[in-house]
Amino acid sequence: MEITLLQGIIITLVVMVLVIDRHLEALFIFRPIIVCPIVGAILGDLNTGLVAGGMVELAFAGIAGIGGASVPEALLTSVMTVVFAHITGNNVATSLALAYPFGVLLQFLWTVRNTAFVSFNGPAERYAKEGNIKGLFKLCFYGIAITSIATGILTFLSVYAAQEPLRNLVQAMPDWLINGFQVAGGLLPAVGFAMLLRVTLKARYIPYLLAGFLFATFIQIDNVLPVAIMGLAFAMMEFYRSGDKEVALASGKESEKSGI
């Protein structure tokens, strides 16, 4: 299916707004689970957007740029996953694998931006010494504005201007390569979740993981809502159990102080 000029412009404007939130981290609407449904709704395919949002969110669940680390950006990957599914007719897993390089491309663009913004260091130090709040605000505003505009241009070129070459490229790929992309795209959410578990999983939480895995794998259910409810129940159990332990610990300390 074709992406019209109006749809391309709307997606570009949405991404420019999301870039601002990406850097301010105020509302967190830049996450794939929100971006993909928005793009899907703009393209008239909300169902694909919802499915893509879940898959891309899991794929990037364990990826975080900490310190000076530069990682692929989920924002453009989210947009292009829905776009590839829309213009090529491929499933979401294949589209995710095809869209991942665009996240690397945006990462490269922002790395170039960071290098160029070194020129802001001198004025920023001078404004800080002078206590010039307006000057510092201008530097921050210019930085976010330039980033938003540059990302918007890249998004428009990727979403609208390059849709025909991208469609032709995918159609020219042999079946074995498309199947490979589908397998890779299907594995990415598992890899992302595994990276997240490597950081967050503790031995005390393994029983919950096993229980959820067995429930989701061997019990016939029509949707993931029962699994989500069970996860909420486990989270509440752990929350209240931790609270009881803290209360007991505090009571013990009070007893020691009073000599009981």
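The values are calculated or read from the model by the stated rules, or taken from the named source; none is laboratory data. All values reported here derive from a predicted model rather than from experimental measurement. Positions of Cβ are generated from backbone atoms using ideal geometry, with glycine treated the same way; all protein chains shown enter the neighbour counts. Heavy atoms of the whole protein, side chains included, go into the accessibility calculation; ligands, DNA and RNA do not. Shrake-Rupley method; radii C 1.70, N 1.55, O 1.52, S 1.80 Å.
Structural remarks
- In this structure the chain gives 59 Å² per residue of accessible area when probed at 1.4 Å with all protein chains present.
- With θ taken as phi - 60° and the Karplus curve 6.51 cos²θ - 1.76 cosθ + 1.60 applied, the whole-hertz 3J(HN,Hα) list for the stretch 32-39 is x, 5, 9, 5, 4, x, 4, 5 Hz, x standing for glycine and proline.
- If you count Lys pairs in the stretch 97-253 whose Cα atoms are under 29 Å apart, skipping same-chain pairs closer than 8 places in sequence, the total is 4.
- 3J(HN,Hα) from dihedral phi, the stretch 219-235, Karplus parametrisation 6.51/-1.76/1.60, rounded to Hz, x for glycine, proline: 10, 6, 9, 7, 8, 8, 4, x, 5, 5, 5, 5, x, 5, 4, 4, 5
- Between the residues 236, 144, 170, the greatest Cα displacement towards the positive end of the dipole of the chain, with unit charges on the Cβ of Lys, Arg, Asp and Glu, is found for 144.
- Given their separation in residues at 0.36 nm each and the Cα-Cα distance between them, residue 213 and residue 242 gain 8.1 nm when the chain is fully extended.
- Positive-end extreme of charge dipole, the stretch 72-206 - chosen from 93, 79, 203 (charges on Cβ): 203
- Student exercise, the chain dipole from Lys, Arg, Asp, Glu Cβ charges, in Debye to nearest 20: 680
- Spacing of the two label points (7 Å from each Cα toward its C-beta) at residue 190 and residue 176, in nm: 2.2
- With the simple spin-label model, which puts each label point 7 Å out from Cα in the Cβ direction, the residue 233 to residue 10 separation comes to 4.1 nm.
- Furthest towards positive pole of dipole, 224, 43, 24, structure part the chain, Cβ charges: 24
- When semi-axes √(5λ) of the Cα gyration tensor in Å is computed from the coordinates, the matching label among [x] 38, 32, 15; [y] 35, 23, 18; [z] 38, 27, 17 is [x].
- Once the chain from residue 104 to residue 47 is taken as fully extended at 0.36 nm per residue, the excess over their C-alpha distance is 17.9 nm.
- Once backbone amide H atoms are built at 1.01 Å from N, residue 63 has no partners under 5 Å, excluding neighbours fewer than 5 places away on the same chain.
- Nonpolar atom fraction for the chain, defined as the carbon and sulfur part of the 1.4 Å probe accessible area, stands at 70 percent.
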